[in-house]
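Peer 1: Starting off with a structure, shown below.
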Amino acid sequence: MTDQEKINIIMKRASIHYPKDGSHGFDYHIKEALEVTRYLSKKGGNFIVTPLLLAVVAYHDASLLQNGKLNHELLSSMIFQYDMRDLFSKEEIEEGMIAIQDHRFSKRKERLEKYGTYWRNRFGEIVSSADCGFPKTTLRAATERSFAYHCEAFPHLTVDEKIQKTFDFMKRRNLNMKFGLPPLYLLIFREEVNVSMQIIDSMTLNELQALYAS
């Protein structure tokens with residue numbers, strides 16, 4: 001079986017566990033996980049999009065529709081185990097279950113006390129960051145608005161100083177979904193801001209005026 005055939009089966013099986021109207025954002029989480037993985041790969045890490053990663057992302061909230069939020073990370077990992085038992089090895093199933101069980105960012109301190117780490121494998125960190133770290137209409141939008149304000153209010157500061165002020169403000173105002181900002185989110189947002197600033201610095205006044213008028 002090819003990877004693409006396996007991915008097609010994963011998506012078909014996983015989709016039945018989510019609302020048909022797309023309200024949970026099943027496709028959205030897949031896209032966000034791909035963004036995180038692309039970032040890690042670009043930074044030189046050995047991170048590629050695999051059928052197992054997509055399965056973990058697809059199943060991390062699989063029990064919500066039927067059973068609600070309470071302990072959904074455990075129930076979802078069991079659904080993953082049952083649905084994927086014929087597609088992955090025993091070791092891969094165990095790795096996927098651990099990642100799903102570790103995806104709740106709000107429980108990271110509990111895991112640190114129990115296991116000595118926030119995430120027991122990198123899949124868990126990826127799906128956790130995709131789950132709560134990249135919502136473009138909530139956390140990301142609020143962060144970007146705050147950053148724009150600090151750019152205007154503190155033009156004498158460096159980009160890094162403005163970013164730090166933005167993060168400090170987010171924490172003070174509790175705009176970070178109560179749980180803090182995922183490390184991967186901070187890294188990616190910092191990189192995006194730096195790239196954007198480099199582009200803006202290289203633009204002429206007329207180009208800048210056209211950009212903000214669009």
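Peer 1: Let me spell it out: the conditions are (1) under 17 Å from the mean Cα position of the chain (by Cα); (2) buried (at least 21 other Cβ atoms within 10 Å of the Cβ), and Ser77 meets all of them except one. Which number is the exception?
Peer 2: It fails just one condition, (1).
Peer 1: Please work out which residue is nearest to Asp3 (Cα to Cα), limiting yourself to segment 50-70 and to residues that are surrounded by fewer than 16 Cβ atoms within 10 Å (Cβ to Cβ) and under 20 Å from the mean Cα position of the chain (by Cα).
Peer 2: Taking segment 50-70 first, the residues surrounded by fewer than 16 Cβ atoms within 10 Å (Cβ to Cβ) are 50, 65-70.
Filter once more, keeping what is under 20 Å from the mean Cα position of the chain (by Cα): 50, 69.
On the way: Thr50: 8, Lys69: 31 Å.
Checking each candidate, the answer is Thr50.
Peer 1: Same structure, new question: Write out, first by first residue and then by second, each pair whose Cβ atoms fall under 7 Å of each other, whose residues are 6+ apart or on separate chains, and whose first residue, in segment 47-76, is at pLDDT 85 or above while the second is assigned to a loop (DSSP other than H, G, I, E, B) and of a type in the set (D, E, K, R).
Peer 2: These pairs meet every condition: His72/Asp61; Glu73/Arg104; Ser76/Asp61.
Peer 1: Then there's this: Going by the conditions given, is Phe147 at pLDDT 75 or above, more than 28 Å from Leu53 (Cβ to Cβ) and either surrounded by fewer than 20 Cβ atoms within 10 Å (Cβ to Cβ) or touching a strand residue (DSSP E or B) at 6+ places or on another chain (Cβ under 7 Å) (or both)?
Peer 2: no
The values are calculated or read from the model by the stated rules, or taken from the named source; none is laboratory data. These numbers come from a predicted model, not from an experiment. Neighbour counts are summed over all protein chains in view; Cβ atoms, including those assigned to glycine, are modelled from backbone coordinates with ideal geometry.
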